[in-house]
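Peer 1: This structure is in structure tokens; I'll ask about it shortly.
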Amino acid sequence: MPDKLDQFESVFKSADMPVLTHDEKHFRQILVVSDQQPDVAGDFWQQLRRSWPILDRDNAEWRSLPVNALQDAGNFVNRVENEKADLIVTHRYLAEAERGQLRGLGSLLGALVWQTSAPVLILPCDEQGRVIQRESTSGTVVAATDHLTGDNVLVDYGVRFTPLEGRLVLAHIEDDATFERFMNEIERIPQIETDVVRREMKEKLLHRPQAYIKSCEEVLRAAGKRCDIGSVIRFGHRVRDYHTLIGENGAELLCLHAGDDDVPARRGMAHMIATQFRNLPLFLI
């Protein structure tokens, strides 16, 4: 057994550390999906562009797609996909009549997040259907995941939303529940010194995202990016860990993966975050 552990450690140490390959993200086609009435739609449009001037950096073509509560979700997704947008901008309580009683995302917003291929920016909205516009900006964007190492797409989108002199926080939240299940199985093997394994495995699991974030800093500096790059690397897996992350960094935008069927835990976490973070703008890939 010690030979196997030594072999595993050797492979772990010798593995190449992923380095960021920066790919500049552009929003040239922006689709605004809203249930705003025609008499206020113009105001919403102008408020959106005033509050999020960074979206206009690529001189984007803006298009709108109005929806209502009678819209069929399947046809709705097809309409959105036919627009072939680089970015979809929408808001909470999309086409929902019972806004105060809504606990999930609702049928249309859920379909938009989980079934469309383009990334989605979700803006907070009050129970009267008014989109909550930002009065001031902190310039801080948080890009968070449970597996940051090698996640170039998340980093690139985080950079795209970060103001020139703003701050991008790259956060790796290692799943502590999965780690504990793994350690529980190891502890059943009497030949293994579990205290040593626990300590060294924790160090190794956190070392890779640390090295990757360092590469992000170097690559982005070489690419001329002037924003400050911060890092958060810790164990956790609950929504409250993300609440702490947002509060500690004063984030004005949270970027994360919407998840996919191959990673059900990540999809579940994204759903809980999207459901509970009602007053924070979210960018979902």
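No lab work stands behind these numbers, since they all come straight from the coordinates. Model, not experiment: these values are computed from the prediction. Glycine gets a Cβ as well: all are built from the backbone with ideal geometry, and neighbour counts include every protein chain shown.
Peer 1: Using 1/(1 + (r/R0)^6) with R0 = 22 angstrom and r between the beta carbons of Asn78 and Arg130, what's the FRET efficiency to the nearest 0.05? The partial results should precede the final answer.
Peer 2: Numbers: r = 29 Å, r/R0 = 1.31.
So the FRET efficiency works out to roughly 0.15.
Peer 1: Quick one: which residues, 5+ away or cross-chain, put their amide H under 5 Å from the amide H of Thr116? H built at 1.01 Å from N.
Peer 2: none
Peer 1: As I understand it, the value is the acute angle between the Cα axis of helix 2-14 and the longest principal axis of the Cα atoms of the chain; what does it come to in degrees, rounded to 10?
Peer 2: In the chain, helix 2-14 runs at an angle near 50 degrees to the longest axis.
Peer 1: If each DSSP helix of 4+ residues adds -39,500 (n - 2.57) and the sum is divided by the residues in the chain, what number results at 222 nm, nearest 500 deg cm²/dmol?
Peer 2: On the way: 9 runs with 121 residues, N = 285.
The helix-only estimate for the chain comes to -13500 deg cm²/dmol at 222 nm.
Peer 1: Here's another thing I want to ask about it. With θ taken as phi - 60° and the coefficients 6.51, -1.76 and 1.60, list the Karplus ³J(HN,Hα) couplings across the range 28-36 in order, rounded to whole Hz; mark glycine and proline as x.
Peer 2: 9, 10, 10, 10, 9, 10, 8, 9, 4
Peer 1: Taking square-rooted eigenvalues a ≥ b ≥ c of the alpha carbon gyration tensor, is the range 93-233 rounded, prolate or oblate, where a/c under 1.5 means rounded and, failing that, a/b exceeding b/c means prolate?
Peer 2: Details: a/c = 2.90, a/b = 1.43, b/c = 2.03.
Oblate shape, in that a/c is at least 1.5 and b/c is the bigger or equal ratio.
Peer 1: Please build a GNM for the chain, connecting alpha carbons under 10 Å apart, and tell me which residue among Ile189, Ile132, Ile173 fluctuates the most.
Peer 2: In the Gaussian network model the winner is Ile189.
Peer 1: Taking amide H positions as placed in the peptide plane 1.01 Å from N, state which residues far from Ile233 in sequence (5 or more) or on other chains have amide H under 5 Å from it.
Peer 2: Here the answer is His172, since their amide H atoms fall under 5 Å of that of Ile233.
Peer 1: Using the Cα centre of the chain as origin and beta-carbon charges of +1 (Lys, Arg) and -1 (Asp, Glu), tell me which of His22, Ala270, Val33 is placed farthest towards the positive end of the dipole.
Peer 2: Sorting the options by dipole projection puts first Val33.
Peer 1: Using only Cα atoms, tell me the angle between helix 152-161 and the longest principal axis of the chain; keep it within 0 to 90° and round to the nearest 10.
Peer 2: With rounding to tens, the tilt is 40 degrees.
Peer 1: How far is helix 176-186 tilted off the main Cα axis of the chain, in degrees rounded to 10, range 0 to 90?
Peer 2: 30 degrees
Peer 1: Of the lysine pairs in the chain, how many meet both conditions: Cα atoms under 25 Å apart, and a spacing of 8 or more in sequence or different chains?
Peer 2: Within the chain, the lysine pair count is 12.
Peer 1: Multiplying the sequence separation of Arg221 and Arg57 by 0.36 nm and subtracting their Cα-Cα distance, what value in nm do you get? The partial results should precede the final answer.
Peer 2: Working: separation 164, 0.36 × 164 = 59.04 nm, distance 1.98 nm.
Roughly 57.1 nm would be gained on extension.
Peer 1: Could you check which residue among Ile246, Ile186, Ile54 shows the biggest mean-square fluctuation in a GNM of the chain with a 10 Å Cα cutoff?
Peer 2: Of Ile246, Ile186, Ile54, the Gaussian network model singles out Ile186 as fluctuating most.
Peer 1: With springs only between Cα atoms under 10 Å, which of Ala111, Ala270, Ala143 fluctuates most in a Gaussian network model of the chain?
Peer 2: Ala111
Peer 1: Which whole-number percent is the relative contact order of the chain (Cα, under 8 Å, 6+ apart)? List each step's numbers first, then the result.
Peer 2: Numbers: 431 pairs, mean separation 62.3, N = 285.
Worked out over the chain, it gives 22 percent.
Peer 1: Just to be sure I understand: of the beta bridges DSSP finds with both ends in the chain, what percent are antiparallel, rounded to 5?
Peer 2: So the antiparallel bridges in the chain amount to around 10 percent.
Peer 1: Under the classification rounded if a/c is under 1.5, otherwise prolate if a/b is larger than b/c and oblate if not, where does the range 161-285 fall, given a ≥ b ≥ c as square roots of the Cα gyration tensor eigenvalues?
Peer 2: Details: a/c = 2.49, a/b = 1.47, b/c = 1.70.
Taking the square roots of the gyration eigenvalues as a ≥ b ≥ c, the range 161-285 is oblate.
Peer 1: Now, a different point. In whole Hz, what ³J(HN,Hα) sequence does the range 203-211 give by Karplus (6.51, -1.76, 1.60; θ = phi - 60°), x for Gly and Pro?
Peer 2: 4, 5, 5, 8, 5, 5, x, 4, 5
Peer 1: Which one, Leu206, Cys125, Gly106, is farthest towards the positive end of the dipole of the range 83-226 when Lys and Arg carry +1 and Asp and Glu -1 on their Cβ?
Peer 2: Cys125
Peer 1: In percent, what relative contact order does the range 128-285 have, based on Cα pairs under 8 Å that are 6 or more apart in sequence?
Peer 2: On the way: 205 pairs, mean separation 49.3, N = 158.
Value for the range 128-285: 31 percent.
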